[in-house]
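Scroll down for the structure; my scribbles are underneath it.
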Amino acid sequence: GQSAIEVWVELPTPLTPTDYLVVALADRDETTTDLRGRLWSHVSEHAAVAAVASRVGGWQAWPASQDRHVLRAGLLVGVTPLMLKIQDVLAVVDGLRHQHGFAEHTVCLSGRGDSAVACLYADLLEDVAAGLVLENMPASHKEGAYLAGILRHMDLPHAVGLLAPKPVGLVHCPLGYGHWGKMAYERLDAADRLICGDSVGRAWSKVLSHF
């Protein structure tokens with residue numbers, strides 16, 4: 001059968017336009033149920049949470065032993081799994097905004113691993129989020145989250161810097177405190193909006209405080 005995007009949405013009661021919408025993309029080793037459980041304790045009661053499993057994640061993910069074969073096959077047609085994840089994030093945000101009454105809600109994107117990188121690039125491409133919380137991103141595209149030809153132009157630290165001055169939480173990300181992104185935030189006098197550390201709760205608290 002055809003692959004599909006799985007989306008579970010949990011709403012506060014009552015839902016008001018002052019609430020915000022967290023769109024979280026599941027990593028390859030977790031289901032939307034796992035993601036909701038991991039995320040819910042870190043967002044307030046005023047958040048609607050959309051847990052998303054992409055066409056290449058969650059229960060549709062292939063065994064890790066097949067990664068090299070899948071990547072090679074994708075590159076032959078100019079598509080990588082990360083590119084599909086980016087498309088899925090943008091499709092979900094667009095669908096929620098136009099079909100489910102979230103047109104006025106502030107959006108925050110969240111992901112872990114390659115899913116975090118997908119959220120990052122989705123926002124760079126379409127400017128869909130007011131803030132992001134990104135966990136366990138690789139230090140470079142050389143280590144994962146592959147995009148064909150991207151290193152001719154930029155790497156992940158540069159992509160983070162291009163989000164400035166949006167509030168961004170980097171959790172367990174080996175980009176370091178002195179990376180290019182941090183310098184970009186400092187140049188825009190927004191150093192407090194780039195939150196680096198090991199605490200997921202602190203990252204969410206700091207990012208959401210700017211909404």
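A few points about this structure:
- Which of Tyr146, Tyr121 is most accessible, then next, and so on - probe 1.4 Å: Tyr146, Tyr121
- Whole-angstrom gap from segment 82-105 to segment 111-143, using each part's C-alpha centre: 15
- Fully extending the segment from Leu75 to Leu151, taken as 0.36 nm per residue of separation minus the present Cα-Cα distance, adds 25.9 nm.
- Within the chain, helix-based [θ] at 222 nm, where runs of 4 or more DSSP H residues each add -39,500 (n - 2.57), nearest 500: -10500 deg cm²/dmol
- Taking label positions 7 Å along the Cα-Cβ direction at both Ser3 and Leu162, the computed distance is 2.3 nm, reported to one decimal.
- Remark on Val107: its backbone amide H falls under 5 Å from those of Leu21, Ala130, a criterion applied only to residues 5 or more positions apart or on other chains, H modelled at 1.01 Å from N.
- Summary value for segment 133-211: 34 percent relative contact order, contacts being C-alpha pairs under 8 angstrom separated by 6+ residues.
- Glu45 sits with roughly 140 Å² accessible to a 1.4 Å probe, with DNA, RNA and ligands left out of the calculation.
- Average Cα contact separation per residue, the chain, under 8 Å, 6 or more apart, as relative contact order %: 18
- Cα-based Rg of the chain normalised by 2.2 N^0.38 Å, two decimals: 0.98
- Mean Cβ count within 10 Å, highest first, over the residues of peptides 181-189, 67-75, 109-117: 109-117, 181-189, 67-75
- For Leu194, distant residues with modelled amide H under 5 Å away: Val168
- Eligible aspartates and glutamates near Lys206 by straight Cα distance, threshold 14 Å, same-chain separation 8 or greater: Asp192, Asp198
The values are calculated or read from the model by the stated rules, or taken from the named source; none is laboratory data. Keep in mind the model is a prediction, meaning the values are calculated, not measured. Using ideal geometry, Cβ is built from the backbone for each residue, glycine included, and neighbour counts are taken over all protein chains shown. These accessible areas exclude ligands, DNA and RNA; they are computed on the full protein's heavy atoms, side chains included. Shrake-Rupley method; radii C 1.70, N 1.55, O 1.52, S 1.80 Å.
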